[in-house]
Structure formats: structure tokens, C-alpha cells
Amino acid sequence: MAKTILTVDDSASIRQMVSFTLKEAGYSVTEAVDGQDGLDKARASRFDLIFTDQNMPRMDGVTLIKQLRALPNYRSVPILMLTTESGDAMKSQGRAAGATGWLVKPFDPKKLLEVVRKVIG
Amino acid sequence: MTIDMTRFYQVFFDEAGEHLAEMETLLLELDIEAPDPEVLNAIFRAAHSIKGGAGTFGFHDVARVTHILETLLDRLRKHELAPTVEMIDATLQAGDLLKAQLAAHQRGEEFEDPQIAEVCARLEQLSQGGALETVPEPPAGPADPCACWRLVFAADLLGASGDEREAGLAAALAELGELERNVSADVPSDRLAWRLCTEVEREAIVEIFDFLCDPEEVEITREEQTGGGEEEDGFGFFEGAPGSDRGANQELDGFGLFGGSPGMDQVAETAERERDEQQQGFGFFETAPGAPEAAPPVEEPATPRSPPAAEGGAGSRPPAGGRRQPQPAPGRQPQGESSIRVSVEKVDQLINLVGELVITHAMLAESATALDPVAQERIFDGLANLERNSRDLQQAVMSIRMMPISFVFNRFPRVVRDTASALGKKVTLKLIGEDTELDKGLIERLADPLNHLVRNSIDHGIETAQQRIEQGKPETGEIVLAASHRGGNVVVEVSDDGAGLDRERLLAKAAERGVALPDNPTDKEVWQLIFAPGFSTAKAVTDISGRGVGMDVVRRNIEAMNGRVEIDSEPGRGTRITIRLPLTLAILDGMSVRVCNETFILPLTVIRESIRPQAGQCKTLAGKGKVVHVGEEYLPLVALHQIFGLSRQQVAAEETILVIIESNEGRAALQVDELLAQHQVVIKSLETNYRKVEGISGATIMGDGRVAMILDVDALVRLSRKTP
């Protein structure tokens, strides 16, 4: 069965790009428009990998990661932050929240796939 | 796999446009004295989202401006700086530039303007003002001017005539920037490592290689200029539990993984499986979430520190209990949005087809009149159904094009703010009925006239604060923009509580300009003078409302939408300009009338009444041409057969019918031979299919297949004045 990936981003264009790229590569992708939506969708299903943006309305990425890590299903699922800030502050916040890693925006589809393959094959 | 990024451009443009509009609205609402942190956050997020998308899709000029803007907004939302009017102004300006940049990209161009550098410099200066510390942020991704790229490829990649081609490659690359060949010794001897420092994008380098070999075979990686550290090009892994793969931070090209963090087990497994697969040729990877994890290092709270705290966090959400939503089958996920974006052309095509359907129905109904309604009952039933269904369909399709007028209204807080501050006046704007819907085509065409009217009201209507206080008015003037539906029309009003129009000055100006006026003109007739070409009563010409070239254009634009403008004004109390528009441009409720052997369509909205004149009711008055005495008034008589040059036998006035119409030029009587029927007609543009004809606003196809012209009453009244 295809690996399932949840991509959480309030930007429709980035979401579509991520989603399209991953679907083309054979993954099954679900989109969520903000942290709250992402959490709801994550609870309702199980994903093998989660990408989340940081700055989003309703719930930001770091909060989402914290909430996900509190769920038994997501204790050890890889969660990567998409971030425009390559600054250390962001990274250490993400790390403290339980992120598995980060991917710096802007990225291209090739880079995205490289990361996904590395993480879930 | 290559993904064509252009397919996401339109979504990005739409999205960025929405973000900019939202940012502007929020900025205008922002209370500088007591800024709402949520609003500051939302403004920051808007800029941040645009930057992320712009970087991803390669609009680096947009990314650059948003990056600088974001820096300022970030400091504002973190309360490191207090918002000032200058900051709001600069941010609004940056928003305008971004709009221009995006619009240019949409046309496939790049927007270049010295203003960009100016505004960026101002933003930078503002974001440093009052800074406790200045931490220059690293530029966003590849948007920085010069980056160094490491190019590693097999020495024999270029094929047999390698040396020669290598020299060619080097020359081509050197044109892009500074090229250093054979830079490092840490590559195997059969591989070459070069370094290229250049302003161009990665794609440009790939293109060069593409000429000579498969660019996939070339490792092109960006070198971090800051040096030190293992992080290359913005990604890396966190070092956590020492020892294993899963413990080490991994910093890679553009992303990173935190060693020892949750999820790293999978990463390690994946890597292991890949190794296994390479050895065995096959493998199966099972993600087994929930497998107990090695305790994370103490200083790495990878799982939330205390479950109760996390529970508390979860509990603060809306009741958690039954909120699970059924999840559709994976792989075919909806986007969580209940709307779709469709190009306007597709909708227009639908409307066109519905129009054809309406005409087809009319033709069928026409043919059916020859049949016996009793014997052919089923045909008549079917026709009645067809009529009902096509009318419903037509309404449904029209509603797709309907948009709330807030799309135009929303720009006005900005217009009012800018105009008022340019004129040093105090003005507030009140919007009423923003949800009123009308056709998208009308909305777009309404923007310019409204813009002009609003600026005009601020410039000529609203007095200065000083003058207002002297007159006992509140210091701050008020402009009201109101929209509503009234009997099949959309009515948009622009009113101000300013000085009102000056009747004497308008009359004097009219005399000076030689503008024709009836004797003892009514106030309404005098107010209409401001729509005369070249008529400006402003004592001083200003940049804001121009030289009086605008108001006649305003009226022409509105007439072109089959709309009408009326003015009410009271000295000292203010002016109200009322625009009446049809709901849509595509379909018209009309009355068909016969003049000689021709059929014309009169828009129902202009018709007041129709009368059969009596002998002596029509007269010829000196200076006014032919008039009809109706009630207390003398109305100009518009003889359609004369205007359109139709030959007819002399018919006594008493034999004709006079349709009293209301036009922008005042009331008038149209002389026709017969009233035929009331229809809904599909408007076909005469201009696009033939050419513009004065007195005709369009054409339609009647049930019998004949073409009928739709009358433009304003133009007809004007024409009849010229040819008495």
C-alpha cells in the first residue's frame, strides 16, 4: 500500500505543489489548511509522514507537533517542519516540540522527494 | 521526475492577491495606539506566506520585498517595535509594489521600478528604528545576489572528446560568474569538483550542463558562504543520542533531521532497508508506529514533557469527544475547500449557451403558435417545462457570476485614507450593504467610476476641518458607500456630508462654457451639469480629482453598463450620487415595440408609462423642438423613425403610441407604432459583432429568428436634441 503523507500548510499553492509532487511519486497525500485541520485529519487517520508549515492561522506548526506527539499513534511518526527561517531559534523550538527534522523553504520538488525517500523510502 | 512548476503559478497569484488584500484591510483597521496582537500576527502571516510561495515558485523579486517587509512585521508582532503611521504607510506601499510585481509576473514580465529600492530601504530603516539589537537575518534562499555552487561530476561524463568539451563547459560556466576548476581534493580521482560563484539560479547552471550531458549526473549543491558548521544549504540533522544513525544529527542539502527525535527510528529503518534491498534485491518496509522508543536524552524532550500538560492542551480545543470526521479513502482526498476556481471564460461560455437555449425556446414557442393547443397538448406542456427549466438554468448560471460588491468596496478604505491625507482633510468611510451581489463584469467596470466619485467627494465635497468647525459640523467628514437591491436593479450610492453643489456657480459656469440648459432648470438638471464634458467647478485643479475630464467619463462608463446616475445635493448638507445598474449585462427584461416594419427592444426599467396622444397634445416649441404635453410637463418627443431614417407614410400623431421614458437626460416621450410584447432578451454586443451605432446599445435574436435592436434611451434623447 502506498505510504500516506499529511501536508499541513495554509498556502494553497505550496500545498498543491507538495501534494502533486508526492502523488506523482506514488504516495498517498492528504492536505490540511492549518494546524487545527492537520490535527483533526491526523486523528482521523494514520500517516507515515507529516510535513507542517510553521506560520499558520488557528494553530501553528510547533503547537501541532506538540499535540501530535501527545497522541499514541504519532509518538514516533516522522514529522518534518517546512520553514522559511533557517535560524536556529526556529529549529530548536521545533526540536523541543518533537520534530524529526526540517526542510527549508523555498525548496523544489526534487529536494522534497529526496527528503521523503530518505525518511520513509 | 520533473514537475512543471508553472501549473501552480495561478494558484499562487490568486493566493498572494488574497493575502495582499487581507494585509491591506488589516493594516487599515489596525489601531496604532493599541494594536491587537492577533492582527499583527495575521499581517505578518500574510507577508510570510507570500514570501514562502514566491521563493518556491521562483519569483525572487517578490520574495526579496516580502522578506524585508516580513522583518519589520516580525519585529512588530514580537512587540520589539511599536507601530507608527510611517510603518503602516511603508507597508501599504510595499503591498502596492508587490501587487505590481505579481501582476507583471502574471503577464510573464518583471516589474522594475526605482520605487522598489526606495521602499525596501525605508522598510529596512524602519525595522531598525528603536531596535534593541540588530540581528541581520540571512537572506531568503536563492534570493541573495551571489551564491557559490559546488559542481561535482564524473571526469568521463563529457564523453570521448572530453578535454575539448570540458573547456567549452568551463567557458560557458565562466560566463555566469566566477568559476574555479578542480577545487577540492576530497572527491575521488575519477570525479571533478568545480566551484561557481554566480547570481544566476541553479536552473541556469543545469541548462549549461544540459547541452553537453545529462544534468542528472552532475551534483550541483549550494555552498553556505557563512562557512563553519556542517549545515549545507539550509538543512541538517540534530545530534541527539550519540552512537547510532538515529542519534546523529544529519544536516543535508536543504533539510535536516534531529538525531534522537521521534521519527528517527523510521528514518534509520528506511536507510537500513535500502541497504538490505541493495543486497537482497527486494525488501519490505513496515512502519510500526507505537514501538516503544529508546528513552530520549534528558535535554531533548522529544515527547511532550508531561502527559498531563499535553492533555490539558488537547482539552482546550473544542470538545474532543466525537469530533472525529470520517476520513475519505486515502489517495483521493478533498482539499478541505468547498469551492473551486473556474476561469471566467468557462462561465461566460455557459452563459452564452444558456442565451442560445433561451433563443431556441423562443423559436420553438413561435413555431408552436401555429399548432392546435388541444390536439398537441403534449408539445405545449413540453414547451412550458422547457421554458421553466431554461429560466431556472439561466438564473443558476447567472448566479455563478454574481459576486458581492465588497470586492470593489474593500479598496475604498485605502482610497479614502490616501486621498484624505493627501488633501489634509479628516474623512471617515462607512460601507453599507457590502454583501449585495452583482455580476462580476459589472463589479469590475464599477471600480473606476466609484473611485472617481469617492475621490471627487473628498476633494470637492468634504470641507477642511477648519471650515467644518466654523460651520458647526463635526470636524471629521463622512463618506458613505451603500449598495442595495431595488426592484431588479442594483443601486450604489456615494454620499458625503460636505458642502453640497453650488447652483449659482454651476449656472455661471454653464453660461461661460455655453452649455445648453432649459429655461428655469430644475436642481436636478443643474446638478447633471457636472457630468458635462470639460466641466469642473473646483477653484483649483488638484491631482486628486483632476481637471473635470472625469465626471463625463464616469457617466459614460455607467451608461455603457446600461446604468443611470442621479445626483441629489443640498447646500451645506452634502451630495448624494446614485447609480442604478441592471443585475447583469447578459440578459435584459425588455418591451418589444414596432416602428414601421422594424422591431426594437426597450429596457423595461426605463419605461414609465405609455399613452395614446390626443390631438393637440404634441406641439412644436421654439428652441425645444417637438414636445408633448403630459400632465404638467412638456417632454421632448423622440421620433424613432426619424432618428433611424425609416421610411413611413405620414401617420397622424394620434395614431402612434408615446412611451414615456426616464433617462439620464431627463424624461422624454418615444414615438412608436405599436407595443408588441414583454420578453427576456439575450443581449448580443453590436460593437463586437458589427460596430457601435449611436442610439443602439445592443442587439438580440427574437423568437422568429429576426434580429432586433436594443434601444439606448440616453443616446436617443441626446440625438433627438441634435436633430429637432
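Bear in mind these aren't lab numbers, they're just calculated from the coordinates by the rules spelled out. Just so we're clear, the structure is a prediction, and the values are computed from it rather than from any experiment. As a convention, Cβ positions derive from the backbone with ideal geometry for all residues, glycine included, and neighbour counts pool all protein chains shown.
Structure notes:
- Long-range HN-HN contacts of B:Gly256 with modeled amide H, under 5 Å: A:Trp102, A:Leu103, B:Gly236
- Sorted by Cβ density within 10 Å, fewest first, the residues B:Leu621, B:Leu72: B:Leu621, B:Leu72
- The alpha carbon gyration tensor of chain A gives principal lengths a ≥ b ≥ c with a/c below 1.5, which makes the shape rounded.
- For the residue pairs B:Lys346/B:Lys440; A:Lys118/B:Lys51; A:Lys66/A:Lys110, alpha carbon separations beyond 19 Å are given by A:Lys118/B:Lys51; A:Lys66/A:Lys110.
- Calculated diffusion of region B:587-722, Stokes-Einstein form, Kirkwood radius summed over Cα pairs, 4 °C and 1.567 mPa s, µm²/s: 85
- Shielding by other protein chains, A:46-55, mean Cβ within 10 Å: 3
- Counted by neighbouring Cβ atoms within 10 Å, the residues B:Arg706, A:Arg43 run from fewest to most as B:Arg706, A:Arg43.
- Pairs of C-alpha atoms in region B:5-142 farther apart than 18 Å represent 52 percent of all such pairs.
- Cα gyration tensor shape of region B:345-403, rounded if a/c is under 1.5, else prolate or oblate by comparing a/b with b/c: prolate
- A full extension of the chain between B:Ser399 and B:Gln10 corresponds to an added length of 137.7 nm, given 0.36 nm per residue minus the alpha carbon distance.
- In order along region B:681-690, the Karplus-derived 3J(HN,Hα) couplings, from 6.51 cos²θ - 1.76 cosθ + 1.60 at θ = phi - 60°, round to 10, 8, 7, 10, 6, 7, 4, 6, 9, 9 Hz, and Gly and Pro are given as x.
- Shape class of region B:405-582 from the alpha-carbon gyration tensor: oblate, with a/c at 1.5 or above and b/c at least as large as a/b.
- Fewest-first sequence of B:Phe644, B:Phe258, B:Phe209, B:Phe409 by Cβ atoms within 10 Å of each Cβ: B:Phe644, B:Phe209, B:Phe409, B:Phe258
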